[in-house]
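No value in this document is a laboratory result; all are computed from the given coordinates. The model shown is predicted, which means the values in this text are computed figures rather than measured ones. Please note: Cβ atoms are built from the backbone with ideal geometry, for glycine as well, and neighbour counts cover all protein chains shown.
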Amino acid sequence: MASLNQKDLLGIEQLTVEEIQLILDTADALRQVADRPVKKVPALRGKTVINLFFEASTRTRSSFELAEKRLSADILNFAVSTSSVSKGETLVDTARNLESMAPDIIVVRHSSAGAPHLLSRVCRSSIVNAGDGMHEHPTQALLDALTIREVKGRLGDLKIAIIGDISHSRVARSDTLLFHKMGAKVWVCGPPTLIPWDYGKLGARITNHIEEALEGADVVMMLRVQHERQNEAFVPSTREYYNFYGLTRERMRLAKRDTIVMHPGPMNRGVEIDSDVADAPYSVILDQVANGIATRMAVLYLLSGNAGLKPRKQSR
Amino acid sequence: MQLIVRQGRVVDPTQKLNKIVDIGIEDGRVAEVASRIRKRGRKEIDARGLVVCPGFIDMHVHLREPGREDSETIESGTSAAARGGFTGVACMPNTNPVNDSEAVTAFILERARNASRIAVYPIGAITKGSQGETLAEIGEMHRTGIVAISDDGRPVQNSQVMRRAMEYSCIFGLPVIDHCEDRELAAGGCMHEGYYSTLLGLRGINPAAEEVHVVRDCVLARQTGAQLHIAHISTRESLAAVARAKKEGVRVTCEVTPHHLLLTDAQVTSYDTNMKMNPPLRSKEDVDALVQGLCTGVIDALATDHAPHNINDKMLEFDRAPFGVVGLETAVSLILDRFVRPGLIGLERLVELFSTNPARILRLERGTLAPGSWADLTVLDCERQSEVRSAEFLSRSRNTPFEGWKLKGGPAITIVKGRVAWSG
């Protein structure tokens, strides 16, 4: 099987259409590992993967961990609470210390945008970005794409509406970049206070009215709106937010008949999404979780053996 | 005579001079400017092929002493300045302790007397501890030797305090220098708010954060009659506001840094913390407006905002790293290569921006080579090739955004009161 000709997975921005297809095809092939009586393949036997999480994370970290285990990798979980970071060690020093343990891949989540890029410059190991600040969350976008492709058979030409807090969402950025690259018609929707400047240039049409976003949508991707946002004057209240941007069964009638609803989680039922939408047959939220493991297996597998390559330059 | 600088092209707008002459110096002052001086000097400099200017003054630097001597000292910072062609620097008060009292001003001047070959002009704080609440003892600092007041780095948010500061500054004729930034609008951002902050997922600094304070300050300066100077202007709208105020007779001037003229927010894409400064690198449209302002005259001065930071402080996540870049050792070469050589500005304008105007704004007896004035000279070699190599800096810090740039033209000799402070 082919491999990714790059050291790291820092973001969707650096991936070509062919590379995205390769990852999705690989994930498709690896998905059936979960259905076997012995859910394990030896692809990463003898390889060491470090999960370096500077931010609390349950689902992404568990998903990576399970992916690594199913590939037979040796795993080291390095969480911030038990590390020396709380003692004032810098990110670069932490990374250099971990490097001395000769890992092949470091999966990193950090609250600062660009932290994986900094690690990539000082580490020989492959870096996988598991979410950096408000920047990117590439494996989430890939698993979203895998899920859409599984149901719709394609990404091109679909109308995909991404609705919610776009500003603070790394999922929104990665999704927008990926869906746009794959030829989908991406719409983003939210109040102007939660849509960053020039977002359209990433490859999306922007609307402040949920009806316009939902009209004829093939895919509806809902994003979480954090309660704190009302204290920072982004929205007046979660109630008002729900009234204007909440996904209700009634609003769902605007979308295509065979539409699907997605959410990267964790959901705020009654804020951005109603329970009867989240639990409806057209909701593929739990398929996303299952596909997350296959996608991460694909990424880890395709990067294994790439440690030591020169980091790829940002494309822009 | 103490020193004769022979046959250099002397460019001095205050004397409408741009020709090859000799300059004779005695007792630290210019004694004679003539096409050929017959007397012999105890020391002579052959300046054939070189350009001789009134000494360049960087009116915006951070020398970090007292407090952060690991990043810069008065000695290392002024050595870097001399190497960069500057005969004088005005240092901002955000040291530790803040220069908000006579004692700190006296300390800086004393250290400069012992450790610096060039002139150091301290700038005092506007408010105590630059906390933005009560006025610092501006009169006492003025008595000791400050040349301006500023809360650079921690700009005054309370407009009433700013109004009082401007009123009070008029007693002493001290310029008020403002780093214009509405902290609430800036909202903890770490780069210019625009396409690239969106792409990179970094919190943006709305350009309006600068612009509303520029407008506020111009309104207050008109009302109080104070002399206002806008530090490191960086947006098109800010520049337009200053141009309008000038037209209406407000006593306002502004400076621009080389990095805001030569780099845009697109340079942040690698998360290189040497591209992080405040104000941040702006959009292409802003940069184009600044370049135009430099050429047409709305901009009064070039200043570096030399902000040294230890490598340990800069080797961090982009949003956690401190703002600021060094500039003393690259500014003159950058402007010669990118603006003078392509003919965007002439040598006379260069001298205005680096010498005449900074001296006029800060009311220093400098910026001219008329007989009788202090013999501070910056000698340039417009043919000299160089490459920016931070490892060779005399500054204690290496945080330049221009690493590896190949430049033609640069400082050759720096003379302060008739003494060679540096020669390359």
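Quick look at the values:
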| quantity | calculated |
| --- | --- |
| From phi via Karplus (6.51, -1.76, 1.60), per-residue ³J(HN,Hα) for the range B:311-327 in Hz, x at Gly/Pro | 4, 4, 6, 8, 7, 10, 4, 4, 6, 9, 6, x, 6, x, 9, 7, x |
| Sorted by Cβ neighbour density within 10 Å, fewest at the top, the residues B:365, A:240, A:99 | B:365, A:240, A:99 |
| Projected area averaged over orientations for chain A, convex hull of C-alpha atoms, nm² | 15.9 nm² |
| Scattering curve values for the protein assembly as shown, log₁₀ I(q)/I(0), Debye with Cα scatterers, q = 0.06, 0.07, 0.11 Å⁻¹ | -0.44, -0.58, -1.11 |
| Relative contact order (%) - criterion: Cα under 8 Å, at least six apart; region: the range B:1-157 | 17 percent |
| Nonlocal amide H pairs with residue B:382, under 5 Å, H built at 1.01 Å | B:51, B:410 |
| Cβ-placed point charges (K, R +1; D, E -1), dipole of the range A:15-75 about Cα centre in debye, nearest 20 | 420 debye |
| Per-residue ³J(HN,Hα) for the range B:222-233, Karplus 6.51 cos²θ - 1.76 cosθ + 1.60, θ = phi - 60°, Hz, x for Gly and Pro | 5, 5, 8, x, 6, 8, 10, 10, 8, 6, 5, 5 |
| The range A:127-269: relative contact order in percent, alpha carbon pairs under 8 Å with at least 6 residues between | 24 percent |
| For residue B:90, residues with placed amide H under 5 Å, excluding near neighbours | B:58, B:59, B:60, B:61, B:121 |
| Antiparallel DSSP beta bridges within chain B, as percent of all bridges there, nearest 5 | 50 percent |
| Over 20 Å [Cα-Cα, the range B:1-141], rounded percent | 57 percent |
| Fewest-first ranking of A:301, A:242, using other Cβ atoms within 10 Å as the exposure measure | A:242, A:301 |
| Two-decimal ratio, the range B:291-424, of alpha-carbon radius of gyration to 2.2 N^0.38 Å | 1.15 |
| Within-13-Å neighbourhood charge of residue B:49 [Cβ basis; K, R +1; D, E -1] | +1 |
| For chain B, alpha-carbon Rg over 2.2 N^0.38 Å | 0.93 |
| Along each principal axis, Cα extent of the range A:216-297, largest first, Å | 39, 32, 19 |
| C-alpha long axis of helix B:74-83 to longest principal axis of chain B, angle in ° | 60 degrees |
| DSSP beta bridges in the protein assembly as shown [antiparallel fraction, %, rounded to 5] | 35 percent |
| Two-decimal log10 I(q)/I(0) for the range B:188-319, as the Debye equation yields it once each C-alpha is a single scatterer, q = 0.14 Å⁻¹ | -0.63 |
| For residue B:10, distant residues with modelled amide H under 5 Å away | B:19, B:20, B:21, B:52 |
| Dipole magnitude of the range B:161-315, debye to nearest 20 (Cβ charges: Lys/Arg +1, Asp/Glu -1, about Cα centre) | 300 debye |
| Dimensions (Å) - the range B:142-256, Cα atoms, principal axes, largest first | 49, 32, 24 |
| Around residue B:420: net Lys/Arg minus Asp/Glu count, Cβ-Cβ under 9 Å | +3 |
| Span-like helix ranges in chain A, DSSP H, alpha carbon extent 18 angstrom or more, Kyte mean at least 1.0 | A:285-303 |
| Value of relative contact order over the range A:112-160, rounded to a whole percent, pairs C-alpha under 8 Å and six or more apart | 27 percent |
| Scaled radius of gyration (Cα, divided by 2.2 N^0.38 Å) that the range A:234-279 gives | 1.17 |
| Average other protein chain Cβ within 10 Å of Cβ, residues A:10-18 | 1 |
| Using alpha-carbon coordinates, inclination of helix B:236-247 to the longest axis of chain B, degrees | 60 degrees |
| Estimated dipole of the range B:237-329 in Debye, rounded to 20 [Cβ of Lys and Arg +1, of Asp and Glu -1, Cα centre] | 260 debye |
| Average other protein chain Cβ within 10 Å of Cβ, residues B:191-199 | 6 |
